[in-house]
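Only one structure is covered here, and it is reproduced in the block below.
Bear in mind that the values in this text are calculations on the coordinates, not laboratory data. As the structure is a computational prediction, the values presented were derived from the model and not from experiment. Note: ideal-geometry Cβ built from the backbone for every residue, glycine included; neighbour counts use all protein chains shown.
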Amino acid sequence: MDRRYESCCALLDTFSNAVSRSKVLFSDECAIYRSVRNRNVVFWSKENPNFTQKLEHNPPHVMIWAGMTSDYLIGPYFFDGPVNAASYSTMLETWLIPQLRDRGLLNDVWLQHDGEPTHFALYVCDVLNECFPGRWIGRSSPTSPAPLP
């Protein structure tokens, strides 16, 4: 918790005004399922506590990425298959970076993403460090606090 607190304080100092906060590109992926039920269904019943219902395991779905700043919406990007380090870095290099370059944002925007393991794979971090030097937020980023001894 101390490391998270330190990281949050550092980010609040970095983005202390509206102009600096407008440069953060918040991003996330989402799975859109074809199934009528999602994978997080839980049934509770006093009348029939043993009620179960079969759910389709790993139903057909598509993974979508999108990002937004205070002024721009980037995306959606549709992954062709699962999201892993290779597909995520390919999306960054062949789609997101050209999108940001075309909008004149590449050298100014900070990319923020969550702690999904594919986001901090070594190859992905290399791409981020090259294209967003010191300007990306997430696990293993330059803005992360130092690891505990």
- line: Most exposed first, judged by fewest Cβ atoms within 10 angstrom, 63, 68, 1, 91 run 1, 68, 63, 91
statement: Yeah, region 60-149 with a ≥ b ≥ c from its alpha-carbon gyration tensor (a/c under 1.5 is rounded, else prolate when a/b outruns b/c, oblate otherwise) is oblate
statement: Exposure proxy check on 130, 29: fewest-to-most Cβ neighbours within 10 Å is 130, 29
- prompt: Using the Karplus equation 6.51 cos²θ - 1.76 cosθ + 1.60 (θ = phi - 60°), what ³J(HN,Hα) coupling, rounded to whole Hz, does each residue of region 113-128 give in order, writing x for Gly and Pro?
  reply: 9, 8, x, 3, x, 5, 6, 10, 4, 4, 5, 5, 4, 4, 4, 5
- prompt: Net charge near residue 103, counting Lys/Arg +1 and Asp/Glu -1 over other residues with Cβ under 13 Å of its Cβ?
  reply: -1
message: From the phi angles alone, apply the Karplus equation (6.51, -1.76, 1.60; θ = phi - 60°) to region 8-15 and give each ³J(HN,Hα) in whole Hz, x where the residue is Gly or Pro.
response: 4, 4, 4, 5, 4, 5, 5, 10
